[in-house]
Amino acid sequence: MSSMIPLSSPEGLADSLGLNLSEGFRLAHSAVEVTASGDFYVLSVFWPDERHRDMRGLLTRYGGDARPLAAAVFGPAGTPGSRFPELPGSLCVLPDGTVALSGGMNRTYLVDRDLTRLMGAWPGTTGTGLFGLQDMDWEKHYATAFAAAVQATPSDRLMCVLAEYGARNLGRYSTNLVGLADGPLTPGSRPDITLLASLDPEPSHQDDSHGIPYTVHNGAAGGFGNRPAPGLPELTRRRWPELDWSTHPRFGSPIVVADDRFLVPVFDRHDRRWSPFVFALLDSAGTLVGRLEGLDFNERSPYIGKKYTVVADPVRSRVFHQSSHGLHVWDTDGQPLTTLPTSEKPYKPLRRLGLWGCSPTGDLLLRHQEHNLLVRIPVPRDPAELGPAVESVLPTLTRERNHLKKTHTPIGWTWTNDLEPTRF
């Protein structure tokens, strides 16, 4: 199995759009998801120049052998006639194989597994003005929206992240609620979402029409006045007084750790050394049961280098985070298992890679954003064997990258394939 995979775009795509791969073209990868069969999907965005104008989305399916199998292009976002008011940034393969793309204002799109058609959408609506929030018909929006991010649990329930307008006392949409769906998501059926946690339980602009009608808390509609409270910043501060939050802390990207365990990061408004943060662990009832222990507000802080990603392997009960200090591993109770410090020579190459995901078979997925490469590292069950496993892969990466470059001849580290993408 190859340990390094080029993340490519269709060769004819640039020509059809009049883009020059060697001048100004940019491709950035936002999400990856590996299926039980070993196939994996990568969600990317690309734009033709430095101004990020006419941004488009690209969804690519790869086989277990890393060969590109299918691609779909959508956007540009927000243009007249576009089905996508904004580009999704979250990717989830649903239990039936449907690919769910979500983002922003709880807009969710459902694509078939072969990326041939848009099966349906829960896209909400838009208003007027710069961000589409003026003259917004909130009732109509929530009638046809779903979630800002979705992730499946091992038992095929969906953990859902919801954004709300006015949370954190901000005049915009931001992530504010985390919950579990009470059924499957399909093009024609949207489940209710039982709330587990809130960031801000009492957001501003509390007009009743702004409440998300398909949320549930304590057996009743999860509107204003009935949602998890106190919010997670206050709960964590009470338990760990050193978390001296400034005003308006924010959620990171929540993840599934196990069927009954979820990790919700909370970050301070100020992204700087010594600012507080917590990777909080919740159970399926929304109870705060712990946090990832062993980190600090200095060298192991995620603010250094802006390393916020946490990934989990529910099958093997492992949680991973990569800080500037090194690669850290915990069990699902938040207890440290091992750390691979990047100050040590065998692990220094990790500094050029970013943690990205984990496959159902236990492969750790990292990416080299500048070179558009994905790196797979098999993770042994015994944490003590992780160091040797990583050491066996890292020294081969430069040689493998150079071999790929000679074989595929990318243009400025932009790799291409011969797929004919579906246009949405």
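Remarks
- Region 143-172, subset among the hydroxyl-bearing types (S, T, Y) and open to solvent by 30 Å² or more (accessible area, probe 1.4 Å), residue modelled with the lowest pLDDT: Y165
- Long-range neighbours under 8 Å by Cβ, at least six apart or interchain, first residue assigned to a strand (DSSP E or B) within region 217-234, second of a type outside the set (D, E, K, R) and open to solvent by 60 Å² or more (accessible area, probe 1.4 Å): A221/P213
- Set side by side, the residues A280, A285 differ, and just one is exposed (fewer than 14 other Cβ atoms within 10 Å of the Cβ), at pLDDT 95 or above, in contact with a strand residue (DSSP E or B) (Cβ under 9 Å, 6 or more places away or on another chain) and not polar (S, T, N, Q), which is A285.
- Any hit, region 16-30, residues being aliphatic (A, V, I, L, M) and closer than 30 Å to R157 by Cα: yes
- Residue list for region 11-40, restricted to those being out of contact with any Ser or Thr (no Cβ under 7 Å at 6 or more places or on another chain) and in a strand (DSSP E or B): R26, V32, E33, F40
- Any chance L337 is open to solvent by 50 Å² or more (accessible area, probe 1.4 Å), in contact with a helix residue (DSSP H, G or I) (Cβ under 7 Å, 6 or more places away or on another chain), among the hydrophobic types (A, V, I, L, M, F, W, C) and touching a residue at least 24 places away in the same chain (Cβ under 8 Å): yes
- Looking across region 235-258, the residues that are open to solvent by 70 Å² or more (accessible area, probe 1.4 Å) and assigned to a loop (DSSP other than H, G, I, E, B) come down to P241, E242, D244, T247, S253.
- Cβ-Cβ under 7 Å pairs, at least 6 apart or on other chains, region 134-155 side closer than 30 Å to G97 by Cβ, far side outside any helix (DSSP H, G or I) and among the basic types (K, R): A145/R107; F146/R190
- Checking every residue in region 192-201 against the condition of being of a type in the set (D, E, K, R), modelled with pLDDT of 95 or more and part of a loop (DSSP other than H, G, I, E, B) gives at least one match.
- Condition check for G231: open to solvent by 10 Å² or more (accessible area, probe 1.4 Å) and of a type outside the set (D, E): no
- Matching option when the condition is surrounded by 18 or more Cβ atoms within 10 Å (Cβ to Cβ), in a strand (DSSP E or B) and touching a Ser or Thr at 6+ places or on another chain (Cβ under 7 Å), among V311, V329: V329
- Cβ-Cβ contacts under 7 Å between residues 6 or more apart (or on different chains), taken from a first residue in region 289-306 that is more than 18 Å from G354 (Cα to Cα) to a second residue that is at pLDDT 95 or above and open to solvent by 50 Å² or more (accessible area, probe 1.4 Å), are listed as G290/D333; E293/Q335; E293/P336; G294/P336.
The values are calculated or read from the model by the stated rules, or taken from the named source; none is laboratory data. The shown structure was predicted, so the numbers you read here are calculated from the model rather than taken from an experiment. Virtual Cβ from ideal backbone geometry, glycine too; neighbours counted across all protein chains shown. Note: accessible area is taken over every heavy atom of the protein model, side chains too, but ligands, DNA and RNA are not part of it. Shrake-Rupley method; radii C 1.70, N 1.55, O 1.52, S 1.80 Å.
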